[in-house]
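Following: one structure in structure tokens, then a few remarks.
The values are calculated or read from the model by the stated rules, or taken from the named source; none is laboratory data. From a predicted model like this one, the values you see are computed outputs, not experimental measurements. Glycine gets a Cβ as well: all are built from the backbone with ideal geometry, and neighbour counts include every protein chain shown. In case anyone asks, the SASA skips ligands and DNA or RNA and just uses the protein heavy atoms, side chains included. Shrake-Rupley method; radii C 1.70, N 1.55, O 1.52, S 1.80 Å.
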There are 2 protein chains.
Amino acid sequence: MNNTQKSLVALLCVLLLFFGFVITRVGVSKPTSAVKVTKIPAGEYDPAVWGQYYPLQYASFKKNAEMAPSPGGYGGSAKVQNSERQPEILANFKGMPFSIDYTEDRGHVFAMEDIRETKRINAKSPGACITCKTPYLEKFYKESGWGYAKTPLTELLAKTPDHGFISCANCHDPATMDLRVINPAFVEAQQRRGIDVSKATRDEMRSYVCAQCHVEYHFEPGTNRVVFPWDKGLKPDQIYAYYADKPAGGFAQDWQHPDSKTAMLKTQHPEFETWSTGVHGKAGVSCADCHMPYTRKDGQKFTSHWMTSPLRTLDDSCSSCHTQGTAWLQERVKTIQDNTWQLQHTAGLTVAKAHEAIKKASEKPDADQAELANARELVRKAQWFWDFVAAENSMGFHNPDQVLNTAGQAIDLANQAIQSAYKAAGLTL
Amino acid sequence: MNNTQKSLVALLCVLLLFFGFVITRVGVSKPTSAVKVTKIPAGEYDPAVWGQYYPLQYASFKKNAEMAPSPGGYGGSAKVQNSERQPEILANFKGMPFSIDYTEDRGHVFAMEDIRETKRINAKSPGACITCKTPYLEKFYKESGWGYAKTPLTELLAKTPDHGFISCANCHDPATMDLRVINPAFVEAQQRRGIDVSKATRDEMRSYVCAQCHVEYHFEPGTNRVVFPWDKGLKPDQIYAYYADKPAGGFAQDWQHPDSKTAMLKTQHPEFETWSTGVHGKAGVSCADCHMPYTRKDGQKFTSHWMTSPLRTLDDSCSSCHTQGTAWLQERVKTIQDNTWQLQHTAGLTVAKAHEAIKKASEKPDADQAELANARELVRKAQWFWDFVAAENSMGFHNPDQVLNTAGQAIDLANQAIQSAYKAAGLTL
């Protein structure tokens with residue numbers, strides 16, 4: 001080998017070293033995406049049809065049929081009555097359907113089965129109830145606008161086949177697979193906040209598709225139009241202020257509590273609201289980042305469509321940001337949830353005592369009516385704050401400091417209601 | 001240029017590229033450390049002497065003399081009476097020195113000045129009070145063991161020069177500059193938990209030097225020995241259980257509340273306890289990591305000895321882990337602290353009402369004495385939980401979920417105390 005040849009060999013070695021280094025550092029070996037877009041006909045709502053073209057996503061989606069308690073001990077997808085663990089539910093929702101039937105939420109694939117079976121629905125229930133249960137919402141809204149919300153629910157249920165549970169078409173454009181929302185209530189509520197959903201980024205859409213349903217809402221009296229009460233903000237006190245000011249359409253109460261005779265509000269499941277002001281929401285971590293993490297199968301990278309507790313997918317969901325290991329992560333979640341459950345349960349029990357105290361005070365013949373009105377306002381607000389925590393499906397995790405503060409305020413307000421009831425009955429120290 | 005020359009030029013180019021790449025990726029250009037160990041004589045407690053050899057550290061240490069409210073709006077180092085913002089302090093500490101004088105903590109360099117001036121100290125105060133104020137503690141303990149704690153404070157103060165405030169020798173071995181603790185109470189408390197402080201890692205020491213003082217403690221009756229009540233754990237309920245079981249030496253109360261006639265406990269400043277069960281503590285982030293961050297001056301990297309709120313040093317303190325920018329970080333801290341303050345203040349006010357309710361109930365001639373005893377136990381515990389939050393110097397930041405839960409429990413317990421007082425007075429609905 002002459003000197004020129006030696007130089008060339010050395011050059012080759014250095015080049016090999018260099019490219020080897022670059023490849024390991026820059027990670028050229030990313031797995032290829034499994035998504036190859038196939039156009040699905042508009043109006044095709046059967047997930048099995050979509051699944052033929054997106055087999056990995058569909059296989060993961062079918063895992064939503066698995067029923068199990070959450071590994072964290074709170075929530076989960078087993079069909080149990082929440083009142084077993086929280087007897088305060090029976091007292092606080094007395095006189096309304098949630099005291100009769102309030103099961104833990106099951107997976108999206110049970111949406112049609114559960115709406116047909118729940119005791120909260122009857123012959124008078126409006127079509128509005130179907131809004132978040134099926135992609136057929138798109139069809140119903142296209143056919144009759146908000147008119148569908150006034151149509152009897154039974155009529156719409158009859159038009160919805162068994163495969164019409166929440167699935168692909170709720171969140172995807174069938175032609176492009178782009179993310180989309182089909183619930184007009186979400187689009188309208190965002191519009192009132194000055195947000196144009198049609199201009200959302202893909203990252204925003206990764207939360208918006210969930211936010212079209214995982215939120216607080218009410219039905220507008222008369223029209224049954226679905227309304228998200230976000231005009232004053234997304235925090236529990238801001239939404240309470242919205243209801244206190246009697247929103248357009250005259251909505252003022254969900255029901256009257258039969259014991260305390262209070263005009264009550266039922267919080268729905270304000271996951272989006274709670275997350276959006278919490279640390280993950282503020283950091284731009286979307287719902288899908290944690291609940292539908294990127295995962296790998298057969299060398300292909302795809303979005304898991306098993307919408308489940310990240311406690312079941314800690315590595316995929318959390319470890320790309322939090323590197324302390326799954327045992328550590330689990331312990332942090334447990335700490336937050338245990339702390340939240342304790343205050344939530346205390347708040348719920350105290351609200352129940354407040355209803356009872358107001359009932360007893362109001363039975364006194366010379367009870368102070370102005371003070372009773374004050375007590376009722378206090379228990380209404382206390383229950384709202386408690387329910388905002390209890391109805392939300394993360395046991396505080398979506399926003400620990402706000403949720404714990406809300407539960408603490410509920411305890412305070414419920415006790416103020418009790419004090420006020422005593423005062424109304426002339427009992428003072 | 002012939003082919004061999006061309007090859008050599010190409011080789012040179014690739015080599016330059018390669019090393020340039022390696023240097024930028026691996027960061028060879030780390031600044032050099034400014035620490036060059038100089039042996040200081042044992043028993044030298046004047047920081048100005050140490051400062052001659054450690055000028056960067058000393059210059060930053062002198063910033064502890066700056067007095068200003070915290071940029072977050074809570075705490076800070078300005079000398080203001082806490083009762084201005086929290087009038088509940090006057091009610092809840094009635095009958096004991098903290099209702100007379102309870103100023104916001106100032107920097108370490110004011111320790112001697114403040115102990116000489118505070119109205120909480122008088123001619124009868126024991127030497128134990130000097131424990132956390134001066135490195136002369138080392139000398140006093142060497143001379144007479146725990147006997148110093150029974151010596152009159154005035155005697156020890158007379159032996160401590162003005163430069164004897166908390167400084168270098170509290171945390172550093174003068175010969176090696178290794179971190180050390182000089183408070184025997186910390187070493188003993190850790191020993192009872194099965195932790196040998198002499199075997200601590202440097203990372204652990206970066207919290208232990210602070211933990212020798214930023215903790216809850218009491219003086220053992222008779223001996224005035226300083227005791228950290230950690231035998232059952234570091235959480236507020238575990239420390240309360242320790243006191244409930246009457247610890248060795250018979251310590252049972254700090255004082256009796258003159259209105260409710262309750263045997264009360266005063267929480268000190270449980271920063272270490274609160275941090276250690278929080279997310280930063282559990283992640284191994286030490287006190288020094290945030291409050292004494294590595295910083296740079298004139299190309300030299302050193303540990304800042306300005307022990308201050310990380311809100312003043314967000315870039316150095318937080319940004320190496322949290323990359324969202326200082327405005328984002330500030331907003332997260334504000335959210336946690338605002339949520340905490342609201343519950344803490346509510347809890348404090350409710351505890352004050354409980355003392356008053358018990359006082360009024362106990363004045364009724366036929367008050368139920370057993371129920372009154374129950375009410376007193378409830379207000380004792382409520383105030384402990386409130387004070388564990390209020391006396392801790394982070395307004396919830398060191399452990400948001402635990403602190404908010406503790407404040408929420410305080411609200412609940414204080415209201416239970418009020419209910420119990422009503423019951424004792426025969427007032428029931």
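Could you say whether any residue in region A:76-86 is out of contact with any Lys or Arg (no Cβ under 7 Å at 6 or more places or on another chain), surrounded by fewer than 15 Cβ atoms within 10 Å (Cβ to Cβ) and touching a residue at least 60 places away in the same chain (Cβ under 8 Å)?
no
From A:ARG180, A:ARG206, A:ARG202, which residue is touching a strand residue (DSSP E or B) at 6+ places or on another chain (Cβ under 8 Å), within 19 Å of A:GLY145 (Cβ to Cβ) and either among the acidic types (Asp, Glu) or modelled with pLDDT of 95 or more (or both)? First the steps, then the outcome.
On the way: A:ARG206 fails: within 19 Å of A:GLY145 (Cβ to Cβ); A:ARG202 fails: within 19 Å of A:GLY145 (Cβ to Cβ).
Selected residue: A:ARG180, the only one of A:ARG180, A:ARG206, A:ARG202 that is touching a strand residue (DSSP E or B) at 6+ places or on another chain (Cβ under 8 Å), within 19 Å of A:GLY145 (Cβ to Cβ) and either among the acidic types (Asp, Glu) or modelled with pLDDT of 95 or more (or both).
Which of the residues that make up region B:50-85 are polar (S, T, N, Q) and either outside any helix (DSSP H, G or I) or in contact with a helix residue (DSSP H, G or I) (Cβ under 6 Å, 6 or more places away or on another chain) (or both)? Steps first, please.
Kept after step one, since they are polar (S, T, N, Q), are these residues of region B:50-85: B:52, B:57, B:60, B:64, B:70, B:77, B:81-83.
Passing the criteria: B:ASN64, B:SER70, B:SER77, B:GLN81, B:ASN82, B:SER83.
Can you pull out every residue in region B:131-167 that is of a type in the set (Lys, Arg) and either within 23 Å of the chain's Cα centre (by Cα) or part of a helix (DSSP H, G or I) (or both)? If you could, list the steps in order and put the result at the bottom.
Taking region B:131-167 first, the residues of a type in the set (Lys, Arg) are B:133, B:139, B:142, B:150, B:159.
Passing the criteria: B:LYS133, B:LYS139, B:LYS142.
Go through region A:304-341 and give me each residue that's closer than 24 Å to A:GLU273 by Cα and hydroxyl-bearing (Ser, Thr, Tyr).
Those that are closer than 24 Å to A:GLU273 by Cα and hydroxyl-bearing (Ser, Thr, Tyr): A:SER304, A:THR308, A:SER309, A:THR313, A:SER317, A:THR335, A:THR340.
Could you list, in sequence order, the residues of region A:373-401 that are assigned to a helix (DSSP H, G or I), more than 15 Å from A:ASP338 (Cα to Cα) and open to solvent by less than 30 Å² (accessible area, probe 1.4 Å)? Lay out the reasoning, then the answer.
Within region A:373-401, the subset assigned to a helix (DSSP H, G or I) is A:373-390, A:400-401.
Narrowing further to those that are more than 15 Å from A:ASP338 (Cα to Cα): A:373-388.
Once the filter is applied, which keeps residues that are assigned to a helix (DSSP H, G or I), more than 15 Å from A:ASP338 (Cα to Cα) and open to solvent by less than 30 Å² (accessible area, probe 1.4 Å), region A:373-401 yields A:ALA375, A:LEU378, A:VAL379, A:ARG380, A:ALA382, A:GLN383, A:TRP384, A:PHE385, A:TRP386, A:ASP387, A:PHE388.
Of the conditions (1) touching a Leu at 6+ places or on another chain (Cβ under 7 Å); (2) open to solvent by less than 10 Å² (accessible area, probe 1.4 Å); (3) of a type in the set (S, T, N, Q), B:ASN339 fails just one. Which one is it?
(2)
Any residue that is among the acidic types (Asp, Glu) and farther than 30 Å from A:HIS291 by Cβ - is there at least one of those in region A:382-401?
Filtering region A:382-401 down to residues among the acidic types (Asp, Glu) leaves A:387, A:392, A:401.
Now drop any that are not farther than 30 Å from A:HIS291 by Cβ, which leaves none.
No, every residue in region A:382-401 fails to be among the acidic types (Asp, Glu) and farther than 30 Å from A:HIS291 by Cβ.
Quick check: anything in region A:360-369 at the interface with chain B (Cβ under 10 Å from one of its Cβ atoms), free of Cβ contacts under 8 Å to residues at least 12 places away in the same chain and either crowded, with 23+ Cβ neighbours inside 10 Å or over 18 Å from B:GLN409 (Cα atoms) (or both)?
From region A:360-369, those at the interface with chain B (Cβ under 10 Å from one of its Cβ atoms) are A:360-361, A:363-364; that's our starting set.
Subsequent filtering for residues that are free of Cβ contacts under 8 Å to residues at least 12 places away in the same chain retains A:363.
If we keep only those that are either crowded, with 23+ Cβ neighbours inside 10 Å or over 18 Å from B:GLN409 (Cα atoms) (or both) as well, we get A:363.
Checking region A:360-369: at least one residue is at the interface with chain B (Cβ under 10 Å from one of its Cβ atoms), free of Cβ contacts under 8 Å to residues at least 12 places away in the same chain and either crowded, with 23+ Cβ neighbours inside 10 Å or over 18 Å from B:GLN409 (Cα atoms) (or both).
Considering only residues that are among the hydroxyl-bearing types (Ser, Thr, Tyr) and in a loop (DSSP other than H, G, I, E, B), which ones fall in region A:98-130?
Taking region A:98-130 first, the residues among the hydroxyl-bearing types (Ser, Thr, Tyr) are A:99, A:102-103, A:118, A:125.
Within region A:98-130, A:TYR102, A:THR118, A:SER125 qualify.
Filter region B:79-101 for residues that are closer than 18 Å to B:ALA347 by Cα and acidic (Asp, Glu) and give the result.
Hits for region B:79-101 are B:GLU84, B:GLU88.
Could you list, in sequence order, all residues of region A:60-75 that are closer than 19 Å to A:GLY396 by Cβ and either touching a Pro at 6+ places or on another chain (Cβ under 8 Å) or open to solvent by less than 60 Å² (accessible area, probe 1.4 Å) (or both)? Full working, then the answer.
Residues of region A:60-75 that are closer than 19 Å to A:GLY396 by Cβ, as a first pass: A:69-75.
Across region A:60-75, the qualifying residues are A:SER70, A:GLY72, A:GLY73, A:TYR74, A:GLY75.
If the Cβ limit is 6 Å and pairs must be 6+ apart or interchain, which residue in region B:401-429 that is more than 9 Å from every other protein chain (Cβ to nearest Cβ) pairs with which residue that is surrounded by fewer than 24 Cβ atoms within 10 Å (Cβ to Cβ) and assigned to a loop (DSSP other than H, G, I, E, B)?
B:ALA424/B:ALA367; B:ALA424/B:ASP368
Just to verify a result, which residue in region A:147-160, among those that are under 15 Å from A:THR134 (Cα atoms) and free of Cβ contacts under 8 Å to residues at least 24 places away in the same chain, is least open to solvent (accessible area, probe 1.4 Å)? It would help to see each step written out before you state the result.
Filtering region A:147-160 down to residues under 15 Å from A:THR134 (Cα atoms) leaves A:148-149, A:153-160.
Then drop every residue that is not free of Cβ contacts under 8 Å to residues at least 24 places away in the same chain, which leaves A:148, A:158-159.
Numbers: A:TYR148: 1, A:ALA158: 87, A:LYS159: 103 Å².
Checking each candidate, the answer is A:TYR148.
Give just the number: which of (1) open to solvent by 30 Å² or more (accessible area, probe 1.4 Å); (2) under 30 Å from B:THR350 (Cα atoms) does B:GLU104 not satisfy?
(1)
Residues that are surrounded by fewer than 17 Cβ atoms within 10 Å (Cβ to Cβ): which helices (runs of 4 or more DSSP H) entirely in region B:226-332 hold 3 or more of them?
On the way: elements: B:236-244, B:271-276, B:279-282, B:287-291, B:314-318.
The qualifying helices (runs of 4 or more DSSP H) are B:236-244.
Residue by residue through region A:87-101, note down the ones that are surrounded by fewer than 17 Cβ atoms within 10 Å (Cβ to Cβ) and in contact with a Lys or Arg (Cβ under 6 Å, 6 or more places away or on another chain).
Matches in region A:87-101: A:ILE100, A:ASP101.
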